[in-house]
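Reviewing the structure listed below.
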Amino acid sequence: EDQVTQSPEALRLQEGESSSLNCSYTVSGLRGLFWYRQDPGKGPEFLFTLYSAGEEKEKERLKATLTKKESFLHITAPKPEDSATYLCAVQSDSWGKFQFGAGTQVVVTP
Amino acid sequence: DTAVSQTPKYLVTQMGNDKSIKCEQNLGHDTMYWYKQDSKKFLKIMFSYNNKELIINETVPNRFSPKSPDKAHLNLHINSLELGDSAVYFCASSQLEGFGANTGELFFGEGSRLTVL
């Protein structure tokens, strides 16, 4: 069965203190790896899709990278508005079945 | 204007009752999903419909019955509610680009928090 493990579970950062979140996965055949952001009381919001090892995507202070076994979400010089839970998901099935990790809760303090 | 809307947002009910959650998407997507997020924030897929046809049916008690009257709507009916059914239920939609392909961008509703007492 596909497995997605995210670490750390929680991360507390000072504003401007860069860091990385990890998503390690085990799938039979990766169709895509996805990052989402979830704010309290809201549904997850799509950030990135990565399809193959070596691929990188960037959006503002976020950069996602992918290897054959894991993905990293780098947060550069974070601001308080980057505080959220970041979810990683993989798809190995053609019918859109996404396996989500438990998420990393990020808190950025001024 | 809301892309994926689900009602109600909050639901508090007694054990043994039957309840429904409704979901509508105005994005023109052909695939809709129900996810359950438990207290540990784990999102688990329950069901998925593509053009009104059930394509994903995970190991979910048969007290849960999805219904898709058209491709813009996916409802979830739960019979004989149990304490363990308490969770946030998310509806989502996406577009399948060609047979078997999916961009991976799921659009989620804001969730329906179900509390069973």
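Points to keep in mind about this one:
- The ellipsoid that matches the Cα gyration tensor of the stretch A:3-90 has semi-axes, each √(5λ) in whole angstrom, of 21, 14, 12, with the longest given first.
- Mean shadow area of chain B over all directions, Cα convex hull, nm²: 7.0
- For A:PHE48, the amide hydrogen comes within under 5 Å of the amide hydrogens of A:TRP35, counting only partners 5 or more places away or on other chains and with H modelled in the peptide plane.
- Derived scalar couplings between HN and Hα for the stretch B:52-65 equal 6, 9, 5, 10, 10, 9, 6, 6, 10, x, 6, 6, 9, 10 Hz in order, rounded to whole Hz, by the Karplus curve 6.51 cos²θ - 1.76 cosθ + 1.60 (θ = phi - 60°), x for Gly and Pro.
- For the pair B:THR7 and B:LYS52, a Förster radius of 25 Å applied to the C-beta separation gives a FRET efficiency near 0.80, rounded to the nearest 0.05.
- In the context of the full protein assembly, B:THR7 retains an accessible surface of approximately 80 Å², using a probe radius of 1.4 Å and ignoring ligands and nucleic acids.
- Each Cα pair under 8 Å and six or more residues apart adds its separation to the average, and for chain B the resulting relative contact order is 36 percent.
- The orientation-averaged shadow of the Cα convex hull for the protein assembly as shown, equal to a quarter of the hull surface, comes to 12.4 nm².
- A cysteine counts as unpartnered when no other cysteine's C-beta lies under 4.7 Å of its own; in the protein assembly as shown this applies to none of them.
- Chain A and chain B together bury an accessible surface of about 1900 square angstrom, both sides counted, with a 1.4 Å probe and no ligands or nucleic acids included.
- Per-residue 3J(HN,Hα) values for the stretch A:12-17, derived from phi via the Karplus relation 6.51 cos²θ - 1.76 cosθ + 1.60 with θ = phi - 60°, read 10, 10, 7, 3, x, 8 Hz in sequence order (x marks Gly and Pro).
- P(r) weight above 20 Å for the stretch A:50-110, C-alpha pairs, percent: 34
- Most simply put, the protein assembly as shown has about 90% antiparallel DSSP beta bridges, counting only bridges with both residues inside it.
- Neighbourhood net charge (13 Å Cβ-Cβ; Lys/Arg +1, Asp/Glu -1) for A:THR67: -1
- Separation between Cα centres of the stretch B:1-77 and the stretch A:19-70, rounded to whole Å: 24
- Each residue was assigned an accessible area with a 1.4 Å probe, and for A:ASP39 the value is about 50 Å².
The values are calculated or read from the model by the stated rules, or taken from the named source; none is laboratory data. As the structure is a computational prediction, the values presented were derived from the model and not from experiment. So basically every Cβ, Gly included, is an ideal-geometry build from the backbone, and we count neighbours across all protein chains shown. These accessible areas exclude ligands, DNA and RNA; they are computed on the full protein's heavy atoms, side chains included. Shrake-Rupley method; radii C 1.70, N 1.55, O 1.52, S 1.80 Å.
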